[in-house]
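Peer 1: Encoded as structure tokens, here's the structure I'll be asking about.
The values are calculated or read from the model by the stated rules, or taken from the named source; none is laboratory data. All values derive from a computational prediction rather than experimental measurement. Ideal geometry is used to build each Cβ from the backbone, glycine not excepted, and the neighbour counts take in all protein chains shown. Only protein heavy atoms, including side chains, enter the accessible area calculation; ligands, DNA and RNA are left aside. Shrake-Rupley method; radii C 1.70, N 1.55, O 1.52, S 1.80 Å.
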Amino acid sequence: MRPSLFGATASVAALALLGSLVTACGSSGSDGTTLRLVAAEYGDSPATSSKAYWDKLSAAFTAAHPGKKVEVTLYPWADVDREVARMVDENNPPDVALMGAYSDFAAQGRLYSASELLSIRAEANFLPPLVEAGSVDGTLYGLPFVASSRLLFYNQDLFDKAGAEPPKTWSDVKDAATELKKEGVLYPYALPLGPEEAHAEALIWELSNGGGYTDSRGLYDIASERNTQTFRWIKDNLVSPGLTGPIPPAELNRQDAFDAFLRGQVGMVNGYPSLLHKARAKGMKVGTLSMPVADRLKDGEAPLAAGVADWMMAFKRDDNRELAGDFLEFVYEDKNLGEFAQRYHLLPSTVTATQASQNAAADPSVEQFLSALRTAQLYPVNDPSWLQVSNTIKRNIGKAVAPSADPKVVLEDIARQAAAIQEQE
């Protein structure tokens, strides 16, 4: 699974765009003048397609670098990782790719490091949590492009009607959800543990109890005591009392939860900036909070927020390093990176573009997302096994809160599968 920001959300809609977006890349190697870029499609309709952005940027790059040009191929999120992997297997990778995973290519020795591509200033400009996630053995290979942190959204009108208070702890979440249910709210707390993005919702809850997918050494620790406590609490206090809605969490996908939120049927849901933008465009009153924490945490024990990033990478090909470096330097200029982030209501990955975004934002919630991102915990994308491990989590983690399940048994089964996958790498 790729730890992307959009995932299946844009994948289905993007399928309709393929006819106009996917162009033939050819099979020739780089000649030092034409850069082949393969990128994920961030739009969900022809009107919001990423094509317009890349067309404009490519023209500007050519104007600034006479004799150089960029050929762009866009794929839906559901296809881009597979297509790039196919190109690599055929020994015909693109010069640059934008997608949700990089570490397996880095492990194969296929990627340039950031220091081989960027100026010292540009390499030092990435936000620290993203640098850590984009590095393998201390070397930056995955260049973070756009990112997102997660906050808890709540429908202010529903809360006011129910007399509920914005939650700070897990007990507060249960209390608010109970009041919302009494008022007939369909999803007091929307818990999307379906296969689309279950690993994100799970990580948010794990972090709020001081847990996570890995331990301090970076090794998988999926069945830790804290994670087990987390899922047992969710099952006993939210799922069993019927506070998570009519669809079992293991069958509720993120987009379904977001759509229900936009229909006014959800009291609380974890979301990112683009959902907030859509909700406010509909005239909804939405509050945003850091994820409430476990009651058992000690005073001063502040959990990390969950963060997600998408990655640029440059593949080693004959005579393409200089061209790839020039292109990436151009992409990461504040105006270019900031325009893409603003277009899709995401967060830029660099210090200076983040500062520019912060200065331009009139919405205080933007600062909440930016602040959370600065210290966010990302998926362990620098482990080549993460693609398969995250797929395992997506398919199985929702079972931990099923009525007849023992969360510990479910987590231990996932942990065993993760260990077996890691051993194969």
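Peer 1: Taking the Cα atoms only, what angle lies between the long axis of helix 198-207 and the longest principal axis of the chain, rounded to 10 degrees?
Peer 2: 70 degrees
Peer 1: Using the alpha-carbon atoms, what tilt in degrees (0 to 90, nearest 10) does helix 51-64 show relative to the longest principal axis of the chain?
Peer 2: 40 degrees
Peer 1: Now for a different question. From the cross-link list Lys182/Lys278; Lys161/Lys285; Lys235/Lys408; Lys161/Lys181; Lys161/Lys182, which pairs have alpha carbons spaced over 18 Å apart?
Peer 2: On the way: Lys182/Lys278 27 Å; Lys161/Lys285 13 Å; Lys235/Lys408 12 Å; Lys161/Lys181 11 Å; Lys161/Lys182 10 Å.
Cα-Cα > 18 Å for Lys182/Lys278; rest within.
Peer 1: Would you mind checking the stretch 366-406 for residues with the amide N under 19 Å from a putative spin-label position 7 Å along Cα→C-beta of Gln108?
Peer 2: What the label zone holds, given the 19 Å backbone N cut-off, is 381-391.
Peer 1: So between Arg226 and Ser115, what do we pick up on full extension, going 0.36 nm a residue minus the alpha carbon distance? Show your work: numbers first, answer last.
Peer 2: Working: separation 111, 0.36 × 111 = 39.96 nm, distance 3.83 nm.
Extra length available between Arg226 and Ser115 comes to 36.1 nm.
Peer 1: Here's another thing I want to ask about it. Leaving out ligands and nucleic acids, and using a 1.4 Å probe, what accessible area per residue does the chain come to in Å²?
Peer 2: Working: 17080 Å² over 425 residues.
For the chain, the per-residue accessible area is 40 Å².
Peer 1: Give, in nm to one decimal, the length gained when the segment between Leu219 and Lys161 is fully stretched (0.36 nm per residue of separation minus the Cα-Cα distance).
Peer 2: Working: separation 58, 0.36 × 58 = 20.88 nm, distance 4.54 nm.
Net length gain for the segment: 16.3 nm.
Peer 1: Highest first, please rank the peptides 279-285, 366-372 by the mean number of other Cβ atoms sitting within 10 Å of their residues.
Peer 2: Values: 279-285: 12.7, 366-372: 18.6.
Top of the packing list down: 366-372, 279-285.
Peer 1: Which label marks the calculated value of Rg and Dmax of the Cα atoms in Å, given the options (1) 21.6, 73; (2) 26.1, 87; (3) 21.4, 67?
Peer 2: Recomputing Rg and Dmax of the Cα atoms in Å here picks out (3).
Peer 1: Charges on Cβ only, +1 for Lys and Arg, -1 for Asp and Glu, centred on the Cα centroid of the chain; of Leu275, Ser385, Ala124, which one is farthest towards the dipole's positive end?
Peer 2: Leu275
Peer 1: Can you give the extra length, in nm with one decimal, that the chain gains between Asp236 and Gln422 once fully stretched, where that is 0.36 nm per residue apart less the Cα-Cα distance? Mind dumping the intermediate values first?
Peer 2: Details: separation 186, 0.36 × 186 = 66.96 nm, distance 3.19 nm.
Stretched fully, the Asp236-Gln422 segment lengthens by 63.8 nm.
Peer 1: Something else about it: Cα axis of helix 407-424 to longest principal axis of the chain: angle in degrees, 0 to 90, nearest 10?
Peer 2: So the inclination is approximately 20 degrees.
Peer 1: If you average the C-alpha positions of the stretch 229-281 and of the stretch 38-66 separately, how far apart do those two centres end up, in angstrom?
Peer 2: 33 Å
Peer 1: Once neighbouring chains are kept in place and the probe is 1.4 Å, which whole percent of the accessible area of the chain is contributed by carbon and sulfur? Don't jump to the answer; show the numbers that get you there.
Peer 2: Working: 8510 of 17080 Å².
Summing carbon and sulfur atoms, their accessible area is 50 percent of the total for the chain.
Peer 1: Specify the inter-centroid distance of the stretch 165-195 and the stretch 408-425, based on alpha-carbon positions, in whole Å.
Peer 2: After rounding, the separation between the Cα centres reads 31 Å.
Peer 1: Now for a different question. When you count, for each residue, the other Cβ atoms within 10 Å and take the mean per peptide, how do 196-204, 174-182 rank with the highest first?
Peer 2: Working: 196-204: 24.7, 174-182: 20.0.
Ranking the peptides 196-204, 174-182 by packing returns 196-204, 174-182.
Peer 1: Oh, and also: Please state the charge dipole magnitude for the chain, taken about the Cα centre, from unit charges on C-beta atoms (+1 on K and R, -1 on D and E), reported in debye and rounded to the nearest 20. Don't jump to the answer; show the numbers that get you there.
Peer 2: Numbers: 39 positive and 54 negative charges, 168 e Å.
With Lys and Arg at +1 and Asp and Glu at -1, about 800 debye.
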